Each structure stands twice: as C-alpha cells, then as structure tokens.
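To start, the structure under review is shown below, and the notes come after it.
Taken together, the values in this text are just the output of simple stated rules run on the coordinates, not laboratory data. Only a predicted model underlies this, so the values are computations on that prediction, with no experimental measurement involved. Here the Cβ positions follow ideal geometry from the backbone for every residue, glycine too, while neighbour counts run over all protein chains shown.
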Amino acid sequence: MLITSIGQGLLWAPLVIGVFITFRILDIPDLTTEGSFPLGAAVTVHAMIQGQSALMATIAGCVAGCLAGWVTGILDTKLHMPSLLAGILTMTGLYSMNMHIMGKSNVPLLSQKVLMDRLPMSWTLDGQTIGIGLIVTGVVMVVLIWLFKTRLGLSLMATGNNAAMSSANGIHTDRMVIIGYMVSNGCIALSGALIAQSNGYADIGMGIGTIVIGLASVLVGEIFLRGRQIWLRLSAMVLGAIIYRYLLTVAMGLGFPVDDLKILSAGILVIVICLPLIRNKYRTRQQLKRYLKQIGVEQNENKSISSLKRPASTEGLLSRDTK
C-alpha cells in the first residue's frame, strides 16, 4: 500500500508543484489546472498512437500545457480579466480541444510502450512507477531550483510578493505572470501525461477535481515540511503528494467506494485548511494563559514584597520613637 502510494504520489508531484507555483509563488488561484491536466494526457496518448516515442510524446504534452498557460496569462495580463475568470475560460475551451485531439471521450493505449517500459522488465510495476516518478520529478525539481536562482526566477518570486513594487523596480510583471502560468501548467500537463501512461488511457474527465487534489497536497506538504529555501518547499510538495495519495489509499482500503474519492479529496482539503486555524487559535490561547499567569505571579510577588517591607519600616519607626 505504501509503495503504491509513493509511486502514484511521485507521478502526481509535478501537478502539485505546478499548483504551488501559481498558488504560492504568484498568489493566483488558477483553474486552468482542470483543463491542462487532461490536455497533457490527450496530447501524449495521441502522439504515441501516431507512432511517436513515449519520451517525445511526454515532452509534447508538457509543451501543450505551457501553451495553455500562455493563453490564460494573456487573458489575465493583456485583456485584464480576473485570474479566476481567465482560468475558467481556458479550462472550458480546453474541454473541446481535448475532445478534438482524442476524437472520443476515452482513448486507450494498447500496444504502445510507455515510459515505464524503458526500465528493466524484472522490476515490479510499482518499482517501475517509482523509478520513472523519481527521474521525472527529480528533473523538474532540479530545473526549477536552478530557475528560481536566476534573475528570471527571482523576478518571478518578487512579482508574486509585491507586483507594484516589482514594477517600480523595472520588472515586467505581466511577462513574469505569463511565464509563471506557462511553467505551472507545463508541470501540470506533464503530470497528466505520466498518469495517462500509468493508467493506460486518456479520459476527457480525468481533470475533474485536480485543483482540489493539488491544493490539498500543497497544504499537506506545508504542514509536514516547512522552510524558506526553494528546494525545501519543492520537497514539501513532493512529500504532500505522497501523503495525500497514501490517505486516499487508506480510505479505499477501509471500504470507501471509488466514486467517493472526490468527496474524500474535498474532505481532506477542508481538514488541512482548518488544522492551521485551529492550531493558531490554540497557540494564541496558550500564549494568553501564559501571559496572564506571568502577570498574576508578578502581582503576587509585589504583594509579598510589600507585605515584607511594611513591618520592617514600622519596626524602624517604633525603634526611633523609643530612642
């Protein structure tokens, strides 16, 4: 169960990283996720059926996701649409585009060799999945760590932190936002391509609820692993994806039907959102209790000190009077 969750979590990790880029780095709620995820799967499966290798088809799916992010970025920055509406429009348009690419709602992979088949056949299916997941996720993390150390990456993070100040310092914020959309949806489409090869098919509805999966994994990762370094934050996203898949696997092992996975995803998201709020309230109450306790102790100490000083001063006055 744990090995399977690790393998599936590594395949979903690029999606979580993509959601992290828009949700945390750019501070933008991007709903293009639910369109770019099946887009990557559709392009990859279609290219493999046409005779392309699994590697080239996966790269094509990633590039298609970048183009989808570019469309959302143009709608957001150049046409000045709200980011939420821009993502919804792109997601809606991608539904029809995915149907045109696949030709039907579900396209299976029959005799085509997927990326997992490039590993030794002596490995188990879970071993092959973990191997490909480690390779692809590792490459994505290395590229992004390098990117965020460059001037372009620093400008991207500065735009997400304070767009007005970044623009005043000469950063083309619109360009940075578009690049952020493209990198994010490229990673998301890459995850869709990997999931399609793991499942053996591409489906038009496989993107439904992916934004919830991504957000829940981001928040779970931030709960278990915190830090300011970019490599640590990206590692938290990978860990969050694995833990999230493990929670779903445990739920299915307890007897929950597959149809309830979306409800479980929403429930996990609610829990991980409420946990920090409850934890902060608890910490605030504990700090308040400590503060009140310290004040009470100081008051008691002042009373005890004053009670000791008064008899001493009285004795002094009386002794002087007696003299």
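Okay, here's what the table says:
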{"read-out": "Other-chain or far-sequence residues with amide H under 5 Å of Tyr201's (modelled H)", "value": "Leu109"}
{"read-out": "Value of relative contact order over region 29-133, rounded to a whole percent, pairs C-alpha under 8 Å and six or more apart", "value": "33 percent"}
{"read-out": "For the chain, alpha-carbon Rg over 2.2 N^0.38 Å", "value": "1.40"}
{"read-out": "222 nm mean residue ellipticity, helices alone, for the chain (DSSP H n ≥ 4; -39,500 (n - 2.57); rounded to 500)", "value": "-27000 deg cm²/dmol"}
{"read-out": "Relative contact order, percent, the chain [alpha-carbon distance under 8 Å, six or more residues apart]", "value": "31 percent"}
{"read-out": "Euclidean distance between Cα centres, region 33-64 to region 153-181, Å", "value": "30 Å"}
{"read-out": "Exposure proxy ranking, count of Cβ atoms within 10 Å, fewest first, for Leu39, Leu144", "value": "Leu144, Leu39"}
{"read-out": "Residue with peak Gaussian network fluctuation, the chain [Cα springs, cutoff 10 Å], from Val250, Val220, Val16", "value": "Val250"}
{"read-out": "Rounded D (µm²/s) - region 242-291, Kirkwood Rh over Cα pairs, Stokes-Einstein at 10 °C, 1.306 mPa s", "value": "124 µm²/s"}
{"read-out": "Region 156-238: relative contact order in percent, alpha carbon pairs under 8 Å with at least 6 residues between", "value": "15 percent"}
{"read-out": "Distant-in-sequence amide H partners of Leu31 (H built 1.01 Å from N, under 5 Å)", "value": "Gly87, Ile88"}
{"read-out": "Region 1-154: Rg to Rh, with Rh as the Kirkwood radius over Cα pairs", "value": "0.99"}
{"read-out": "Compactness of region 71-169 - radius of gyration and Dmax, Cα, Å", "value": "20.1, 58"}
{"read-out": "Lysine pairs with alpha-carbon atoms under 28 Å apart, the chain, spacing 8 or more or separate chains", "value": "9"}
{"read-out": "Sequence of Leu134, Leu11 once ranked by neighbouring C-beta atoms within 10 Å, starting from the fewest", "value": "Leu134, Leu11"}
{"read-out": "Average projection area in nm² (convex hull over Cα atoms of region 57-100, one quarter of hull surface)", "value": "3.1 nm²"}
{"read-out": "Region 146-292 - Kirkwood radius from inverse mean 1/r over Cα pairs (Å)", "value": "18.2 Å"}
